[in-house]
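Student: Just passing along the structure, written as C-alpha cells.
The values are calculated or read from the model by the stated rules, or taken from the named source; none is laboratory data. None of the values given here were measured: they were computed from a predicted structure. FYI the Cβ positions are ideal-geometry reconstructions off the backbone, even for glycines, and counts take in every protein chain you see.
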Amino acid sequence: NTKYSASTEVPELIYYGDVDGSGKMNLVEAKFDRGLNCLLPRRGLSCSSLAMPKLLQKVNTYEGWASSTLDQIYEKARLESALKLEATTLESAVLLNDGEGHFTVQPLPVLAQISPAFGIALTDFDGDGYSDAVLAQNFFSPQQETGPYDGGLGLLLKGGPGKGDSLEPVWPGESGIVVPGDAKSLAVTDFGSDGRPDLFFGMNNAAPVILINESEEGGAPLVIALDGKPGNPTAIGAKVTVAVPGLPEQTAEIAAGSGYLTQSTPELFFGWGRNPEIVSATVKVRWPDGSELKQEIKRGEDPVHRFSME
C-alpha cells in the first residue's frame, strides 16, 4: 500500500555510491518505465538536490527533472560502478522452512499489507496449541514527499487446525488489537501472571501501549521457563518442543532480541488445546550447550513449568 510497485520483471532499484562526483556515498532510488523503456529517478528534485547539491548544475527546474532519465541526471559510468540492489517483491511475508534448509516465501494476508510492520510477535496467544502472530504496524517518518503510512491498527494473525501453514487475519474489532499510532517495537510478556501472553507496543513519540490478553476460547495456557547457568541465566539459545496429545508439536526458542529493538521475557508460551481431558504432555529441551532433556509434565493450576540446566 505504497507508491512503490515491484515485480521480477520490473523491480524497484537502488544505487549506492559516489553518483554525483562529490566524493560522498549517496543512495539513489530508481524505477523502470516500460513505456519509455528507461530508468527514471524515483525521488524528486528537492529532496535529491538537498542530499546532492551538485545535481542543480545539471537540472535546476522541476520540468527539467521530470523530463530527464536517470543517466541524464547521473553519469552512466558512476551508476555502473555503484552498488546496485533490486527488490522484486514488497509484500510482508513469512519464510517457511521445510526442515532441510529450503525456504518457501508465503505472503501474509491483505490486511497485513495495508501498512508496514516493524514489530512482530509469534506465539500461541489463545492456548489452542497453534502459533499465532501479531504485527505492530505503521511508519510515520518516510521521505517527506511520501507522507506517513498510517493505515494500520496492528493485526492478529491466527494459526489453527485446517489452516496448514497459513495465518488468518482477525479484524481489530474482534481481536481488540487497535493501535493506530506509529507502532514500532512489540514485546510479549505476562503482565497478569495468568500464563497468557500479553502485548507491549513501543510507540514513536508516544507512550507505550499495553494490551492484556483476555482470550478464553482457545485453551489453557502452558508456559515453559528455563534456568540456565551463570553467564546465560535465562538459557538464551535453548529450543523447547512441547508434544500435547492430539496436537502438532509446538516448538519455540529463547532468543536475545525479538524484533525491532525489542526483548520479550524469556518464558515460552504454548497451549494445552481445547480438550480438557488432556492432562499430560511431553517437553523436550535442547540446551544452549547441545545437551538435551525430555520430561513429562502434568496439567495443573499453575500454568508455568520450570526446568533447570544441570
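Student: From the residues in segment 159-190 that are β-branched (V, I, T), in contact with a strand residue (DSSP E or B) (Cβ under 8 Å, 6 or more places away or on another chain) and within 20 Å of P208 (Cα to Cα), which one is surrounded by the fewest Cβ atoms within 10 Å (Cβ to Cβ)?
Tutor: T189
Student: Then there's this: From the list A82, A93, A87, which one is within 30 Å of P169 (Cβ to Cβ) and modelled with pLDDT of 95 or more?
Tutor: A87
Student: For the subset of segment 242-272 comprising residues that are closer than 24 Å to L135 by Cα and among the β-branched types (V, I, T), which member is surrounded by the fewest Cβ atoms within 10 Å (Cβ to Cβ)?
Tutor: Filtering segment 242-272 for residues that are closer than 24 Å to L135 by Cα and among the β-branched types (V, I, T), the one surrounded by the fewest Cβ atoms within 10 Å (Cβ to Cβ) comes out as T251.
Student: Within 28 Å of L13 (Cβ to Cβ), β-branched (V, I, T) and not assigned by TED's automatic domain parsing to the domain that holds M52: does that describe V105?
Tutor: Considered against the rule, which asks whether it is within 28 Å of L13 (Cβ to Cβ), β-branched (V, I, T) and not assigned by TED's automatic domain parsing to the domain that holds M52, V105 comes out as yes.
Student: While we're looking at this one, here's another question. Which residue, of T282, T234, T251, is polar (S, T, N, Q), in a loop (DSSP other than H, G, I, E, B) and in contact (Cβ under 8 Å) with a residue 12 or more places away in the chain?
Tutor: Every option except T234 fails the conditions.
Student: Identify the single condition in (1) surrounded by fewer than 21 Cβ atoms within 10 Å (Cβ to Cβ); (2) outside any strand (DSSP E or B) that R196 does not satisfy, given that it satisfies every other one.
Tutor: In the conditions (1) surrounded by fewer than 21 Cβ atoms within 10 Å (Cβ to Cβ); (2) outside any strand (DSSP E or B), R196 misses (1) alone.
Student: Moving to a separate point now. Could you give every pair whose Cβ atoms fall below 7 Å, whose first residue belongs to segment 188-203 and is assigned by TED's automatic domain parsing to the domain that holds D302, and whose second residue is in a loop (DSSP other than H, G, I, E, B) and basic (K, R), counting only separations of at least 6 or pairs across chains?
Tutor: D190/R196
Student: If L122 satisfies every condition in (1) of a type outside the set (S, T, Y); (2) closer than 21 Å to Y4 by Cα; (3) under 21 Å from the mean Cα position of the chain (by Cα); (4) outside any loop (DSSP other than H, G, I, E, B) but one, which is the exception?
Tutor: Checking L122 against (1) of a type outside the set (S, T, Y); (2) closer than 21 Å to Y4 by Cα; (3) under 21 Å from the mean Cα position of the chain (by Cα); (4) outside any loop (DSSP other than H, G, I, E, B), the one that fails is (2).
Student: If a residue must be assigned to a loop (DSSP other than H, G, I, E, B) and within 20 Å of the chain's Cα centre (by Cα), how many such residues does segment 203-218 contain?
Tutor: So the answer is 2.
Student: Also, I was wondering about something else. Suppose we filter V242, V304 for residues that are modelled with pLDDT of 95 or more, over 25 Å from the mean Cα position of the chain (by Cα) and among the hydrophobic types (A, V, I, L, M, F, W, C); which single one remains?
Tutor: When all the criteria are applied, what remains is V304.
Student: Considering segment 1-45 alone, what residues qualify as being of a type in the set (S, T, N, Q) and either surrounded by fewer than 12 Cβ atoms within 10 Å (Cβ to Cβ) or under 23 Å from E91 (Cβ atoms) (or both)?
Tutor: Passing the criteria: N1, T2, S5, S7, T8, N37.
Student: Scan the strands (runs of 3 or more DSSP E) fully inside segment 1-44 and keep the ones with 2 or more residues being without any contact (Cβ under 8 Å) to a residue 40 or more places away in the chain and either assigned by TED's automatic domain parsing to the domain that holds F139 or not polar (S, T, N, Q) (or both).
Tutor: Because the criterion is at least 2 residues that are without any contact (Cβ under 8 Å) to a residue 40 or more places away in the chain and either assigned by TED's automatic domain parsing to the domain that holds F139 or not polar (S, T, N, Q) (or both), the strands (runs of 3 or more DSSP E) in segment 1-44 that meet it are 26-33, 38-41.
Student: Now, a different point. Please go through (1) more than 30 Å from N275 (Cα to Cα); (2) in contact (Cβ under 8 Å) with a residue 60 or more places away in the chain; (3) surrounded by 12 or more Cβ atoms within 10 Å (Cβ to Cβ) for L56 and return the number of the only condition it doesn't satisfy.
Tutor: Evaluating L56 over (1) more than 30 Å from N275 (Cα to Cα); (2) in contact (Cβ under 8 Å) with a residue 60 or more places away in the chain; (3) surrounded by 12 or more Cβ atoms within 10 Å (Cβ to Cβ) leaves (2) as the failure.
Student: Give me a count of the residues in segment 86-115 that are surrounded by 11 or more Cβ atoms within 10 Å (Cβ to Cβ) and assigned to a loop (DSSP other than H, G, I, E, B).
Tutor: 9
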